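One structure is given here, and the rest of the page talks about it.
Each value in this text was obtained by applying a stated rule to the coordinates, not by laboratory testing. Please read these numbers as outputs of a predicted model, since none were measured by experiment. Note: ideal-geometry Cβ built from the backbone for every residue, glycine included; neighbour counts use all protein chains shown.
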Amino acid sequence: MAANRISYFFNFTYPSLGVNTACSSSLVAVHLACQSIWNEESTLALAGGVQIILSPWMTLSFAKAGFMAADGRCKSFNSRADGYVRSEGAGVVVLKPLSQALIEGEL
């Protein structure tokens, strides 16, 4: 429902949808946006993702199970990595065909 409320707020007049595929939601959203452009259903698309931690219960469960980094620090691709760190964030990309971006002088 959030995607549709955001679309309404900004007066976006084309279809909007929310995607929930766990860890790959943002990637799937970008893939679907690209497909829409490639299939000429859209000439411009916004795709993004949001991670919000609304409750401490998942973090507490993960910590009890030993999934979380003991020091609370992310150490990706490091031999000292001992778990992962939960965080919040958001990102959005604007997608359009390369030919259109070149014509409009955006590249």
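With the helix formula -39500 (n - 2.57) applied to DSSP H stretches of n ≥ 4, the chain reaches a computed 222 nm mean residue ellipticity of -9500 deg cm²/dmol. Near residue 12, no amide H atom lies under 5 Å from its own; only residues 5 or more places off or on other chains count, and H is placed 1.01 Å from N.
The trypsin sites (Lys or Arg not before Pro) of the stretch 1-81 that DSSP puts in a loop, and whose beta carbon has at most 15 other beta carbons within 10 Å, are 73, 75, 80. Collect residues whose amide H, placed 1.01 Å from N in the peptide plane, falls under 5 Å from the amide H of residue 42; neighbours closer than 5 in sequence don't count. Hits under the 5 Å cutoff: 37.
Exposed loop sites here mean chymotrypsin sites (Phe, Trp or Tyr not before Pro) with a DSSP loop assignment and at most 15 other beta-carbon atoms within 10 Å; the chain contains its longest site-free run at 13-66.
The fewest-to-most ranking of 68, 58 by surrounding Cβ atoms within 10 Å reads 58, 68. For the chain, with a Gaussian network of springs between Cα atoms less than 10 Å apart, report the residue from 27, 54, 17 with the top mean-square fluctuation. The residue with the greatest mean-square fluctuation here is 54.
When only alpha carbons are used to place a centre, the stretch 11-46 and the stretch 54-79 end up 31 Å from one another.
Comparing 66, 91, 18 in a Gaussian network model of the chain (Cα springs below 10 Å), the most mobile by mean-square fluctuation is 66.
Gyration tensor analysis over the Cα atoms of the chain returns equivalent ellipsoid semi-axes of 35, 18, 11 Å (largest first, whole Å).
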